1. Quick query: amide H of Arg246 versus all other amide H atoms, modeled in the peptide plane; which residues come in under 5 Å with a sequence gap of 5 or more or a different chain?
2. Evaluate Rg over Rh across the chain, taking Cα atoms for both radii and Kirkwood's formula for Rh.
3. What does the net charge come to around Tyr376 if you take all other residues with beta carbon closer than 15 Å to its beta carbon, with K and R at +1 and D and E at -1?
4. With contacts defined as alpha carbon pairs under 8 Å and 6 or more residues apart, what's the relative contact order of the stretch 375-502 in percent?
5. Can you sort Leu451, Leu257 so the residue with the fewest Cβ neighbours within 10 Å comes first?
6. Check every DSSP H run in the chain and write down those whose alpha carbon atoms cover 24 angstrom or more along the long axis and whose mean Kyte-Doolittle hydropathy is 0.0 or greater.
7. Suppose only helical runs count, i.e. DSSP H with n ≥ 4. What mean residue ellipticity at 222 nm does that imply for the chain under -39500 (n - 2.57) per run, divided by all residues and rounded to the nearest 500 deg cm²/dmol?
8. Restrict the search to the stretch 221-272; then list the GluC sites (Glu not before Pro) that DSSP places in a loop and that have at most 15 other Cβ atoms within 10 Å of their Cβ.
Amino acid sequence: MKMNGKTKKLAGVLFMSLSLLCFSACEPKEKQHNKHTEWSSDATGHWHECDDCETKFDFGTHNYKDGQKAKVCEECKYELDYTLEENFAYWIKGRDFIKDYDGDYTSYVDRKIYENDVLSSYNYLNESKSGNKYFSDYVAYNLNDKNEFEQSYLDLIVFKEVDDNGVTRNKEYHKIVDDEGEKITGRYVSPTQADKEVYELPRDGIEGLYISESNTYEDLIKDIKDGFKNDEEFKAEPSSIELTRRDDGSVSLVITLTSEADLESASEDEPIKGKYEIYYDINVKDGVVQNLDLGSTYCAYYKDETKNSTEKLVHKQKIEYSFDEEKYNSLDITTERTTNEYYGVIDFFVENLTLPYYCREYLVGYDVTAGEMSTYLATLPGFMASYSMEIETDKLFAFYKDEAMTQEITNMTMEEKMTIYAKFTLPEECSVILTAFKIKNGNERVHIAYLVDKGYKFTHANYFPQYSIYEIDGKENSVDDVEFVCKANRAYVVRYDTSLDM
Ligand SMILES: [Zn+2]
Ligand SMILES: [Zn+2]
């Protein structure tokens, strides 16, 4: 009711007489209000209200603290939604935590595949890593002939340190169970082999989403949009990017991509239209990414609508930032036999040029002779491209520990990773031409080594005429039609300016 001047005046008179009445009847007691025990509240604050006259008492502004879905007033429990800025500030802590995270983790991945909204297969992967300690336990289920789910595949990998006749070795235990039965293998591998095995490294989960670099909300949205637009696979901006607070207080960044295309169908059996929808949900709770979910749906539309079909993948990954010691210790890695496959790697430099082959021939801890290394290099495919003379492959190179080639090696104990410098010790009357390619990253490497007789004439036209030679045998070159005659017992390095991405 809107009060006009007259009614206001009337009300005033009425109030006056009522209070007079009260004065005479209830005197000397003050009027007793019936204060409600619970808080009343609105956006401006909270108060206790009289149940009879609605007078407000004890008014105070809200005192918010963090809640789950919303901020909550400590006194009255009034809820206020988090702002976009607050949600972003909460979320970015998790992003920052995961992007360089290199510590212990346990990951639980649950994947389900639906065909026309009916579950058709599912699998689980449980992976845990702490330095060199690691396991991954994968199991898949498919529908069998009786239309029941049945375990179709199991793949268990465990790395543990074991004692091998007094030597501590890292053992890889690998069990596979499929329709051919159970297969268990054991082998000794590099102590750091687990680093190469990981499937679900937490930080890999956010790769390719264009969310790693941005530090403001505006930049984040821009980076995601630009990233997907320039992405060869998507070539389009996401249809939505949302930052939302979940009921458990976590904050999710959800990126949705959709694409629809009319298809050229040659026959009735092929769809006329296809539609994709993909979403990524990067969920942060208490400063860490706790869930990484991904879903993709593909719908195929046909002329005959009864043939329309959908295929949906739902991938849910939960991450804990600790190692599952209990499960790890419970895994038995006994095998009938264990082979030693702990090979080292030798990175050779030939005449101080990078050689594009790593030697992975020798077991770590075993003795390797210079003759064995020489034979390895001399028989590399493409390395000794042409030679007509008889050579003793085990005597073609001398090996050194140092770049200056002063400390010669005749034999050595193989280590996990070694760098060895090699120099030709050519047979009498013989020369070698090493063609070196300058590559994109600024380095250069041996492309092909040609072993030739003394007096052989090198001509540019017979090798790689499409590239210019900028240096021969340590001397700068600016000539196009390069020619030179090889002297005996010399290694010539011909440097090509290729700028190739090799
Ligand atoms: Zn009252
Ligand atoms: Zn309040």
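All of the numbers you see were taken from the coordinates with simple rules; none came from a lab. Keep in mind that this is a model prediction, so the values were computed, not measured. With ideal geometry, Cβ positions are generated from the backbone for all residues, glycine too; neighbour counts draw on all protein chains shown.
1. Val251, Ser252
2. Working: Rg = 37.5 Å, Rh = 31.1 Å.
Rounded to two decimals, Rg over Rh is 1.21.
3. Details: positive: Arg360, Lys395; negative: Asp347, Glu361, Asp367, Glu372, Glu392, Asp394.
Residues close to Tyr376 contribute a combined charge of -4.
4. On the way: 245 pairs, mean separation 34.3, N = 128.
Relative contact order here is 27 percent.
5. Final ranking by Cβ density, sparse to dense: Leu257, Leu451.
6. 5-26
7. Numbers: 6 runs with 70 residues, N = 502.
After summing the helix terms and dividing by residue count, I get -4500 deg cm²/dmol.
8. Filter output for the stretch 221-272: Glu232, Glu233, Glu264, Glu268.
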